[in-house]
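Chemist: Would you mind keeping the following structure in view while I ask a few things?
The values are calculated or read from the model by the stated rules, or taken from the named source; none is laboratory data. Every value quoted in this text rests on a predicted model; they were computed, and no experiment measured them. Methodologically, a virtual Cβ is constructed for each residue, glycine included, from the backbone with ideal geometry; neighbour enumeration extends over all protein chains shown.
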Amino acid sequence: MKFNTKTIHGGQESVDPAYGSVMPPIYQTSTYSQSTPGGHNGFEYSRSGNPTRSALENSLASIENGKHGLAFASGLAAIDAVLKLLKPGDEIVSTNDLYGGTYRLFTSIFKDFGIKFNFIGMQDASEIEKHITDNTKLIWIESPTNPMMKIIDIEAVSKIAKKHNVLLGVDNTFATPYLQQPLDLGADIVMHSATKYLGGHSDVVMGALVIKDNALAEKLYFIQNASGGVAGPQDSFLVLRGIKTLHLRMQRHCENGKAVADFLNNHPKVANVYWPGLKNHPNHEIAKKQMSDFGGMVSFTTKRDNIKDAVAFVEKLKVFTLAESLGGVESLAGHPASMTHASIPAEERKKTGVLDSLIRLSVGVEDKHDLIEDLKQALG
Ligand code: P1T
């Protein structure tokens, strides 16, 4: 199946065996009757497995070209499960530009469990090798990164990971499998905040992992069940429904993202625009190689680099909503320094370009003319 068919049918039963329902039922149950101890139809307790969650997990595996999908209560619960593969003394090399909550999970929780983190710039993949030691077990990347939209060459990083026998995990939240499929580029684990584009309607919080390797999937399933941060059946249904229109929404997100990035790039008050589709983006060539289009996330700074003007701008927006999160049908605007990335110390933030004037836009699927008019009036 091609991608646009997989979003609708991938991993799904063609007909529900009970009543022929076209959409999988929401199995709102915690447990399943057994005829004799162990005598069940594949499900015994909904932390271990639930048919609605399984339908979603099979869809996730299909759209990411993996073999196994695992759905979690949030994106951070999914990353938390990956980190539980490690032991005290193990090391992780991670991108220095990444979601603030991931940084907080790494440095405020797992550091205290004896795991060491190296946060580095990875636009030049060969940098990574300098930071790999005998204790390195995992390379963790986002591409595009949140919020600076840096692009990391996943194939080049995966070659380094394989050479050193280190796992590579890719947070594919911003790109989605519509734009890039990291498992095909050599990653071991793909992670999603399904809260974002996969759900697509800002009505659910969920995380996902997709894996090809059976033994690794087995370990992660064990952690999912043992730690228990699982997705519920209602939320699984919603994300499964979201995935069915992922390709349609992403096509429009990309189209509108380009229109917004071009508008900002030509605006006299704007200093820098970060969108990987722009020819002047430092990683444009890698983006062209590994992504089929450039997505709907756009960040920018203004020439008057101060927090007061940035706040005034986001307050003036009318079509864009000032809010955390991204990836829904509606356009959102955020101020990373005080919102999504406030948990990263100011000096660390500034090193990666997260200035006080940085604005991050999640460009939705509204009419692009309305979006541009809104930005124009707020910048004015
Ligand atoms: O919010 P949650 O579903 O737990 O996902 C965390 C997460 C992980 N990875 C990336 C790249 C993310 O962007 C996020 C969540 N991000 C936001 C809420 C945000 O506004 O950036």
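Chemist: Out of region 104-126, which residues are part of a loop (DSSP other than H, G, I, E, B) and closer than 21 Å to Leu220 by Cα? Before you say what the answer is, go through the steps one by one.
Modeler: Looking only at region 104-126, we keep the residues that are part of a loop (DSSP other than H, G, I, E, B), and these are 114-115, 121-124.
Correct list: Gly114, Ile115.
Chemist: Select, from Arg349, Arg360, the only residue that is in contact with a His (Cβ under 9 Å, 6 or more places away or on another chain), closer than 21 Å to Leu105 by Cα and not in a loop (DSSP other than H, G, I, E, B).
Modeler: On the way: Arg360 fails: closer than 21 Å to Leu105 by Cα.
Just a single option satisfies the conditions, and that option is Arg349.
Chemist: Next question, about the same structure. So Phe320 clears everything in (1) crowded, with 22+ Cβ neighbours inside 10 Å; (2) in contact with a Phe, Trp or Tyr (Cβ under 7 Å, 6 or more places away or on another chain) except one condition, right? Which one?
Modeler: For Phe320, the exception is condition (2).
Chemist: Would you point out the residue of region 65-103, among those that are closer than 30 Å to Ser338 by Cβ and part of a strand (DSSP E or B), that is nearest to the ligand (Cβ to nearest atom)?
Modeler: Here is the first cut: in region 65-103, the residues closer than 30 Å to Ser338 by Cβ are 72-83, 92-103.
Then keep just the ones that are part of a strand (DSSP E or B); that gives 72, 92-95.
On the way: Phe72: 9, Ile92: 15, Val93: 17, Ser94: 12, Thr95: 10 Å.
Among those that are closer than 30 Å to Ser338 by Cβ and part of a strand (DSSP E or B), it is Phe72.
Chemist: Also, I was wondering about something else. Can you pull out every residue in region 297-334 that is within 13 Å of the ligand (Cβ to nearest atom) and part of a strand (DSSP E or B)?
Modeler: Residues of region 297-334 that are within 13 Å of the ligand (Cβ to nearest atom), as a first pass: 297, 299, 321-328, 332-334.
Across region 297-334, the qualifying residues are Met297, Ser299, Thr321, Leu322, Leu332, Ala333, Gly334.
Chemist: Looking at region 192-222, which of its residues are away from the ligand (no atom under 14 Å from the Cβ) and under 11 Å from the mean Cα position of the chain (by Cα)?
Modeler: None - no residue of region 192-222 is away from the ligand (no atom under 14 Å from the Cβ) and under 11 Å from the mean Cα position of the chain (by Cα), so the list stays empty.
Chemist: Just to be sure, is Asn135 farther than 22 Å from Ser193 by Cα, more than 16 Å from the ligand (Cβ to nearest atom) and touching a residue at least 40 places away in the same chain (Cβ under 8 Å)?
Modeler: Values: farther than 22 Å from Ser193 by Cα: yes; more than 16 Å from the ligand (Cβ to nearest atom): yes; touching a residue at least 40 places away in the same chain (Cβ under 8 Å): yes.
Answer is yes for this residue.
Chemist: Now a separate question. Being within 12 Å of the ligand (Cβ to nearest atom), without any contact (Cβ under 8 Å) to a residue 60 or more places away in the chain and crowded, with 19+ Cβ neighbours inside 10 Å is the filter here; which residues of region 335-376 pass it?
Modeler: His335
Chemist: Restricting attention to region 115-129, does a residue exist that is surrounded by fewer than 22 Cβ atoms within 10 Å (Cβ to Cβ), within 16 Å of the ligand (Cβ to nearest atom) and within 30 Å of Pro24 (Cα to Cα)?
Modeler: Checking region 115-129: not a single residue is surrounded by fewer than 22 Cβ atoms within 10 Å (Cβ to Cβ), within 16 Å of the ligand (Cβ to nearest atom) and within 30 Å of Pro24 (Cα to Cα).
Chemist: Look at region 130-139 and say how many of its residues are surrounded by 16 or more Cβ atoms within 10 Å (Cβ to Cβ) and out of contact with any helix residue (DSSP H, G or I) (no Cβ under 8 Å at 6 or more places or on another chain). Give the derivation first.
Modeler: Of all residues in region 130-139, those surrounded by 16 or more Cβ atoms within 10 Å (Cβ to Cβ) come to 131-132, 136-139.
From what's left, out of contact with any helix residue (DSSP H, G or I) (no Cβ under 8 Å at 6 or more places or on another chain): 131, 136-137.
Total meeting the criteria: 3.
Chemist: Now, a different point. Would you mind finding the one in Ala73, Ala78 that is in contact with a Gly (Cβ under 8 Å, 6 or more places away or on another chain), surrounded by fewer than 22 Cβ atoms within 10 Å (Cβ to Cβ) and small (Gly, Ala, Ser)?
Modeler: Details: Ala78 fails: surrounded by fewer than 22 Cβ atoms within 10 Å (Cβ to Cβ).
So the residue among Ala73, Ala78 that is in contact with a Gly (Cβ under 8 Å, 6 or more places away or on another chain), surrounded by fewer than 22 Cβ atoms within 10 Å (Cβ to Cβ) and small (Gly, Ala, Ser) is Ala73.
Chemist: Sticking with this one: So which residues in region 10-34 are of a type in the set (Phe, Trp, Tyr) and under 27 Å from the mean Cα position of the chain (by Cα), if there are any at all? Steps first, please.
Modeler: In the first step, residues of region 10-34 are kept if they are of a type in the set (Phe, Trp, Tyr); the result is 19, 27, 32.
Selection gives Tyr27 alone.
Chemist: In addition: With the requirement that a residue be within 16 Å of the ligand (Cβ to nearest atom) and either of a type in the set (Asp, Glu) or out of contact with any helix residue (DSSP H, G or I) (no Cβ under 6 Å at 6 or more places or on another chain) (or both), what does region 33-64 give you?
Modeler: If the condition is that a residue be within 16 Å of the ligand (Cβ to nearest atom) and either of a type in the set (Asp, Glu) or out of contact with any helix residue (DSSP H, G or I) (no Cβ under 6 Å at 6 or more places or on another chain) (or both), then Leu60, Glu64 are the ones that fit.
Chemist: Now a separate question. Has region 177-191 got any residue that is part of a loop (DSSP other than H, G, I, E, B), within 13 Å of the ligand (Cβ to nearest atom) and either more than 17 Å from the chain's Cα centre (by Cα) or not assigned by TED's automatic domain parsing to the domain that holds Tyr274 (or both)?
Modeler: Kept after step one, since they are part of a loop (DSSP other than H, G, I, E, B), are these residues of region 177-191: 180-181, 186-188.
Now narrow it down to the ones that are within 13 Å of the ligand (Cβ to nearest atom): none.
Within region 177-191 (the criterion being part of a loop (DSSP other than H, G, I, E, B), within 13 Å of the ligand (Cβ to nearest atom) and either more than 17 Å from the chain's Cα centre (by Cα) or not assigned by TED's automatic domain parsing to the domain that holds Tyr274 (or both)), the answer is no, since none of the residues qualifies.
Okay, residues lined up against (1) outside the structural domain of Asn225 (by TED's automatic domain parsing); (2) within 30 Å of Gly100 (Cβ to Cβ); (3) modelled with pLDDT of 95 or more:
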| position | (1), (2), (3) |
| --- | --- |
| Tyr19 | no, no, no |
| Gln28 | no, no, yes |
| Ser48 | no, no, yes |
| Glu57 | no, yes, yes |
| His68 | no, yes, yes |
| Ala81 | no, yes, yes |
| Leu85 | no, yes, yes |
